[in-house]
Amino acid sequence: MLRGYNNRELLVDFTRGTVEERPLDWELVRKYIGGRGLGVKYVFDNGPHVEPFSPENLLAIMTGPLTGTRSPMSGRLAVVTKSPLTGTVTDSHMGGWTAARIKWAGVDNILIRGRSEKPVYLYVENGRAEIRDASDIWGLGVRETVRVLRERHGGGRPEDVSVMAIGPAGERLVRFASFINEDDRAAGRGGTGAVAGYKRLKALVVKGTARDRDFVAYDETAYHKANQDGLRAILQGAVTAPKKGGLSVYGTNVLMNVIDGVSGLPVYNAKTTVIDGVAEIGGERVRETILYRDHTCHACPVGCKKDVVVREGKYRTTVPAGSMEYESAWALGALIGVIDREAVARMIDLANDFGMDTIETGNAIAVAMEAYERGLIGYAIRWGDADRAIGLLRSIAERSGVGDDLAEGPARFAKSLGAPEISMSVKGQSIPAYDLRAFQGIGLGYATSNRGACHLRGYTISAEILGIPYPVERTAVAGKGELQKWFQDLFAFTDSLDVCKFSTFSETPEHYARQFSALTGMEITEKELFRIGERIYNLERYYNNLAGFNRREDDYLPERFLKEPAAGKSEGMVSHLDEMLDEYYRVRGWRDGVVPEEKLRELEIIA
């Protein structure tokens with residue numbers, strides 16, 4: 001048995017109303033680690049042809065070996081399932097404290113099948129779980145759900161209870177609904193909250209008495225040293241150092257002005273990369289004006305979470321309204337032409353309470369705005385109209401009017417209008433906040449991401465803008481296939497530990513290998529770390545191939561990025577995707593996006 005694990009998985013069947021437990025399969029753990037990797041293996045074994053909205057679809061809530069331990073920035077979990085938005089395998093991660101408390105409650109993973117006849121929530125305490133009636137909280141927003149359940153189970157100490165819940169959007173099967181936990185951390189992408197809504201799972205409530213100190217490492221001396229070295233790197237990192245002006249001071253929204261500085265923001269549904277006044281919704285101005293408090297997740301010295309509040313006026317928010325993240329501020333701000341800081345904060349507040357992915361929500365509104373501009377819909381909504389955008393956001397969550405159609409996802413909506421080109425999406429998932437013409441590497445990343453357009457599969461922005469782990473010219477094309485594979489394989493591993501991606505701005509693969517080896521007793525080298533990551537990435541791709549994503553065209557970008565040049569400091573630039581794809585497939589050993597049998601055997605995915 002490896003250290004760092006509880007050796008307990010809960011098997012929940014809502015159709016039968018049962019909860020069972022089983023030990024971990026150590027052979028699978030050694031190959032796929034935990035978190036994202038092991039979750040993807042479970043979803044793969046469940047079958048690539050299941051319907052996302054069916055009792056047979058598996059909803060896996062996964063921790064990793066480092067989750068909830070003394071390792072730096074180890075407060076994360078993964079929700080893995082077949083996405084109702086894309087039809088691909090998807091994993092979505094959240095920070096906060098829920099992940100740590102699952103481990104402290106004596107559980108590694110919670111695997112959910114079936115569908116309940118009535119709304120339920122799952123209560124987990126010290127290794128045991130019960131399915132409980134949620135009829136009285138069905139229909140509530142996320143924040144009220146969390147308040148009710150923490151009061152119900154807090155026993156006078158609600159800080160010892162974690163709740164992750166869906167909102168009305170998940171209940172109504174909005175295909176990009178999210179799980180949100182009590183700290184407004186979201187498992188945002190891919191529609192995991194909609195899968196929960198289909199299963200009629202309102203929330204997960206977790207209570208545990210253990211703590212990070214109770215996880216005894218295989219080699220305590222080496223583990224302590226590895227953690228101290230990793231922490232030192234974080235405390236000295238240019239991006240992660242506390243109170244030095246980066247993530248710690250301004251949160252992720254420090255990127256708004258950085259990316260705008262090279263005209264790298266997709267604006268007005270990516271029709272351009274220039275918008276005046278965007279600094280008003282950036283991290284610096286947010287801190288000066290509407291910051292409510294600094295907050296952090298388990299074992300994190302950085303504290304990138306910046307809760308905001310608008311105390312009066314028509315955009316008044318709840319207290320706190322949640323963190324004004326970069327991706328959210330872009331999607332519900334610059335992308336749709338809104339630079340009113342308080343209006344953007346209000347939209348983020350609403351999206352979190354409804355339980356919707358802010359990135360996909362902003363893209364849905366942007367598609368509606370361009371559709372109206374082209375005369376394709378009668379719903380009048382113009383660029384920069386915050387009030388109409390708020391109304392449309394509500395309509396999506398409530399599935400009313402045109403919002404009902406947008407709730408199916410921007411890509412489906414655009415296709416239904418006969419204008420699929422106005423959806424800035426890959427594999428049915430909309431783009432995040434980096435323009436694919438301004439940054440060549442991230443464009444390749446969006447195209448080849450196994451869960452649809454995503455910056456978190458392979459964050460080459462780290463090299464293209466921040467110079468981490470080494471500087472790379474953002475306009476360069478050659479070498480981006482190799483670079484993207486490096487990031488993708490590394491992140492597949494760190495997502496399986498499960499640690500925060502921001503730690504990769506400072507920690508190296510060697511840090512992770514040492515922490516994992518000393519904690520678990522499974523000795524791995526940096527080379528073996530990347531092999532495990534490559535195995536996980538190829539397993540995801542193999543799942544997608546079997547699910548019907550088996551053409552080069554599935555790894556493609558919207559034509560806007562290939563043919564319509566960017567503006568400003570990125571003027572004239574387009575994505576050179578084909579050249580990068582050729583290199584990427586060669587480096588991966590794939591044939592036009594399909595994993596060949598010899599690669600599957602090489603990585604021990606098949607015998």
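May I ask for the distance between the Cα centers of the range 581-607 and the range 244-286, given as a whole number of Å?
37
Of all the Cα-Cα pairs you can form in the range 302-347, what percent are over 11 Å apart?
Considering the range 302-347, 64 percent of its Cα-Cα pairs are separated by more than 11 Å.
For the range 331-400, just the Cα set please: Rg and Dmax, both in angstrom.
In Å, with Rg to one decimal and Dmax whole: 11.0, 32.
Heavy atoms only, probe 1.4 Å: what % of the accessible area of the chain goes to carbon and sulfur, would you let me know?
Solvent-exposed carbon and sulfur of the chain make up 48 percent of the total.
Not counting the cut sites, what is the longest span of the chain without trypsin sites (Lys or Arg not before Pro) that DSSP labels loop and that have at most 15 other Cβ atoms within 10 Å?
17-210
Kirkwood hydrodynamic radius, the range 276-325, all distinct C-alpha pairs: what's the number in Å?
For the range 276-325, inverting the mean 1/r across all distinct Cα pairs yields 11.7 Å.
Starting from the Cα gyration tensor of the range 181-248, take the square roots of the eigenvalues, sort them a ≥ b ≥ c, and report rounded, prolate or oblate (rounded when a/c is under 1.5, otherwise prolate if a/b is larger than b/c, else oblate).
oblate
What ³J(HN,Hα) values, in whole Hz, does the Karplus curve 6.51 cos²θ - 1.76 cosθ + 1.60 give for the range 464-478 when θ = phi - 60°, with x put for Gly and Pro?
Each residue of the range 464-478 in turn: 6, 10, 8, x, 10, x, 7, x, 9, 5, 5, 8, 5, 10, 4 Hz.
Run through the range 2-96 and list the GluC sites (Glu not before Pro) located in a DSSP loop whose Cβ has at most 10 other Cβ atoms within 10 Å.
none
Can you list, bin by bin at 10 Å, the percent of alpha carbon pairs in the range 230-311, starting at 0?
18, 41, 30, 11, 0
If you take the Cα atoms of the range 463-515, find Rg, then find the Kirkwood Rh from the mean of 1/r over all pairs, what is Rg/Rh?
Looking at the range 463-515, the ratio lands at 0.99.
Is the shape of the range 1-136 rounded, prolate or oblate, going by the alpha carbon gyration tensor and its root eigenvalues a ≥ b ≥ c, with a/c under 1.5 for rounded and a/b larger than b/c for prolate?
Note, shape of the range 1-136 comes out oblate.
Across 10 Å bins from the origin, how do the percents of Cα pairs in the range 278-385 run, short distances first?
Bin by bin from 0 Å, the calculated values are 15, 44, 30, 9, 2, 0.
May I ask you to work out the translational diffusion coefficient for the range 395-509 at 25 °C, viscosity 0.890 mPa s, via Stokes-Einstein with Rh from the Kirkwood sum over Cα pairs, reported in whole µm²/s?
Answer from the Stokes-Einstein relation: 158 µm²/s.
How large, in Å, is the range 91-132 by the Kirkwood hydrodynamic radius built from its alpha-carbon pairs?
11.8
Of the listed values [x] 44.4; [y] 23.6; [z] 28.1, grab the one calculated as mean projected area of the Cα convex hull in nm² from the structure here.
Comparing each candidate, only [y] matches the computed number.
Can you bin the range 89-198 into rounded, prolate or oblate? Criterion: square roots of the alpha carbon gyration tensor eigenvalues sorted a ≥ b ≥ c, rounded for a/c under 1.5, prolate for a/b above b/c, oblate for the rest.
Rounded, because the longest to shortest axis ratio a/c is under 1.5.
In the structure shown, do any of 244/314; 225/306; 41/599; 427/480 have a Cα-Cα gap over 23 Å, and if so which?
244/314; 225/306
For the range 9-73, divide the Cα radius of gyration by the Kirkwood radius and give the resulting Rg/Rh value with two decimals.
Rg/Rh: 1.01.
Roll a 1.4 Å probe over the protein chains and send me the accessible area per residue for the range 449-546 in Å².
27
Using helices alone, what [θ] at 222 nm do you get for the chain, with -39,500 (n - 2.57) per DSSP H run of 4 or more residues, divided over all residues and rounded to the nearest 500?
-11000 deg cm²/dmol, from helical runs alone.
In whole Å, what is the distance between the alpha-carbon centres of the range 21-67 and the range 295-317?
Their Cα centres are 32 Å away from one another.
Note down the accessible area of residue 220, probe 1.4 Å, to the nearest 10 Å².
That residue has around 70 Å² of solvent-accessible surface.
At 37 °C and 0.692 mPa s, what whole-number value in µm²/s does Stokes-Einstein give for the translational diffusion of the range 199-355, with Rh from the Kirkwood sum over Cα pairs?
186
Tabulate in residue order the Karplus-calculated ³J(HN,Hα) for the range 180-196, using 6.51 cos²θ - 1.76 cosθ + 1.60 with θ = phi - 60°, rounded to whole Hz; enter x for Gly and Pro.
Values, residue by residue: 10, 9, 5, 9, 6, 8, 10, 8, x, 9, x, x, 4, x, 6, 4, 4 Hz.
Want the number for residue 135 to residue 216: 0.36 nm per residue separation, take away the alpha-carbon distance, what's left?
25.1 nm
Residue by residue through the range 386-392, which ³J(HN,Hα) values in whole Hz follow from phi under the Karplus form 6.51 cos²θ - 1.76 cosθ + 1.60 (θ = phi - 60°), with glycine and proline marked x?
For the range 386-392, the Karplus-derived couplings read 5, 5, 5, 5, 5, x, 5 Hz, x marking Gly and Pro.
The values are calculated or read from the model by the stated rules, or taken from the named source; none is laboratory data. Quick caveat: nothing in here was measured; it's all calculated off a predicted structure. Virtual Cβ from ideal backbone geometry, glycine too; neighbours counted across all protein chains shown. Note: accessible area is taken over every heavy atom of the protein model, side chains too, but ligands, DNA and RNA are not part of it. Shrake-Rupley method; radii C 1.70, N 1.55, O 1.52, S 1.80 Å.
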